[in-house]
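The values are calculated or read from the model by the stated rules, or taken from the named source; none is laboratory data. For clarity, every value in this text was computed on a predicted model and none was experimentally measured. Cβ: placed from backbone, ideal geometry, glycine included. Neighbour counts: every protein chain shown.
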Amino acid sequence: MKPSHALAALLVLPLAIGAGEVQISTPAGPFATFHHGEGDRVPFLWPVLGPGGVEVTRAFPMEKGRSGESADHPHHTSLWFAHGDVSGHDFWHDRDGARIAPAGEVEVVEEDGAARVTSRHRWITGEGVELLEEARTMTFLDLEAGRAIDLDLRLTALQDVTFGDTKEGTFALRLHPALRPKGDVARGTAMNSEGDGAIWGKRARWVDYWGPVPHAGEDHVLGVAILDHPENLRHPTWWHARDYGLVGANPFGIHDFERKPKGTGDHALAKGETLRLRYRVLLHDGPGSASAIEGHWREWAGVRPDAEPAGDDGGH
């Protein structure tokens with residue numbers, strides 16, 4: 001993994017805007033497709049391709065029957081954002097009809113060597129009640145450190161709402177089966193900013209999974225790092241990161257992660273209030289390097305190399 005993070009000469013270009021999807025590509029080939037149609041329960045990115053055009057997330061359930069892939073957890077749609085308890089409604093699982101629906105046109109702008117995709121969504125219960133408006137900006141970049149996807153999410157309450165204390169959420173990826181630490185065809189390694197390999201339920205500024213992924217008849221070693229912004233709620237976040245390939249940043253599930261009283265992680269938004277969350281997904285070539293990823297996190301987050309990273313006490 002290269003330690004430099006300046007923009008490479010390669011530009012990221014929006015290829016097409018279709019019915020319910022936006023395709024992002026580089027001159028070297030596809031990067032990602034954003035699915036946001038009326039038929040999608042939640043908006044998601046799939047496929048997501050790292051350096052060399054290697055897929056880094058699971059294809060199921062969008063495409064079934066891939067060799068080495070398991071068919072568990074069909075609500076794990078590659079790269080997505082949802083939560084299992086918003087005022088008692090489950091947007092994480094496909095259970096009670098809750099969905100995150102498109103609300104307006106998607107805009108794509110190419111500037112400064114990046115493709116910026118802006119969209120709006122409504123969080124609607126199974127009964128048709130609108131709880132949240134989501135304003136989402138995704139920026140796709142080709143950096144010397146690898147390909148990157150920045151997500152800037154602004155969730156505005158349309159009525160008083162509470163994000164509930166549950167591990168089921170929130171910003172998540174379901175990794176390619178070769179990148180997971182355990183399971184059939186698993187060859188991955190995981191670490192976090194605190195030097196832990198077992199990262200479920202622990203707090204960290206970032207996590208990284210890497211390993212050899214088969215592509216075009218040979219193994220390609222690459223990794224996926226997910227970075228939590230220092231201004232996010234309760235940074236550094238907790239990680240709902242399973243060894244079967246799920247990795248999620250979740251600032252709400254304190255009860256599950258730390259065995260504290262139920263409701264400790266609840267976060268209320270009054271009508272009109274906005275919760276902003278920012279993340280970066282870095283798709284890097286080669287094995288993970290803690291020093292390189294930490295340096296990348298600091299540059300992205302605007303934290304000086306010699307500064308002590310800030311954090312909160314994990315409370316309300």
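Filtering segment 139-182 to residues that are more than 30 Å from P261 (Cβ to Cβ), at pLDDT 95 or above and acidic (D, E) leaves D150, D152.
Of the strands (runs of 3 or more DSSP E) entirely within segment 58-133, those holding at least 3 residues that are buried (at least 20 other Cβ atoms within 10 Å of the Cβ), touching a residue at least 60 places away in the same chain (Cβ under 8 Å) and not hydroxyl-bearing (S, T, Y) occupy 79-83, 114-124.
Have a look at R259, R203 and point out the one that is at pLDDT 95 or above and buried (at least 18 other Cβ atoms within 10 Å of the Cβ). Exactly one of R259, R203 is at pLDDT 95 or above and buried (at least 18 other Cβ atoms within 10 Å of the Cβ), namely R203.
For the residues D208, D228, the requirement of being in contact with a helix residue (DSSP H, G or I) (Cβ under 7 Å, 6 or more places away or on another chain), surrounded by 16 or more Cβ atoms within 10 Å (Cβ to Cβ) and not polar (S, T, N, Q) singles out D208. All of (1) without any contact (Cβ under 8 Å) to a residue 60 or more places away in the chain; (2) over 18 Å from G197 (Cα atoms) hold for E258 with one exception: (2). Close contacts from segment 297-312, counting a first residue that is closer than 23 Å to V224 by Cβ and surrounded by 10 or more Cβ atoms within 10 Å (Cβ to Cβ) and a second that is among the charged types (D, E, K, R) and at pLDDT 85 or above, with Cβ to Cβ under 7 Å and a gap of 6+ residues or different chains, come to W297/R205; W300/R280; P309/R205. Note on segment 190-225: residues that are in a strand (DSSP E or B), under 13 Å from I293 (Cβ atoms) and of a type outside the set (A, V, I, L, M) total 6.
Number of residues in segment 282-295 that are surrounded by fewer than 18 Cβ atoms within 10 Å (Cβ to Cβ) and either in contact with a Leu (Cβ under 8 Å, 6 or more places away or on another chain) or assigned to a strand (DSSP E or B) (or both): the value is 1. Listed here are the strands (runs of 3 or more DSSP E) enclosed by segment 15-57 that have at least 1 residues being within 19 Å of H93 (Cα to Cα) and touching a Gly at 6+ places or on another chain (Cβ under 7 Å): 29-35.
Residue-by-condition table, conditions (1) touching a Pro at 6+ places or on another chain (Cβ under 6 Å); (2) at pLDDT 95 or above; (3) of a type in the set (D, E, K, R); (4) not in a strand (DSSP E or B):
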position	(1), (2), (3), (4)
L227	no, yes, no, no
D243	yes, no, yes, yes
H255	no, yes, no, yes
G265	no, yes, no, yes
R280	no, yes, yes, no
W297	no, yes, no, yes
P305	no, no, no, yes
G315	no, no, no, yes
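In the condition set (1) closer than 21 Å to W80 by Cα; (2) free of Cβ contacts under 8 Å to residues at least 60 places away in the same chain, P212 is compliant with all but (1).
Taking first residues from segment 262-276 that are farther than 22 Å from G201 by Cβ and partners that are in a loop (DSSP other than H, G, I, E, B) and of a type in the set (D, E), the Cβ contacts under 7 Å between residues at least 6 apart in sequence or on separate chains come to A270/D160; K271/D160.
If you check V109, V161, V185, V129 for being on the phi > 0 side of the Ramachandran plot and of a type outside the set (F, W, Y), only one passes: V185.
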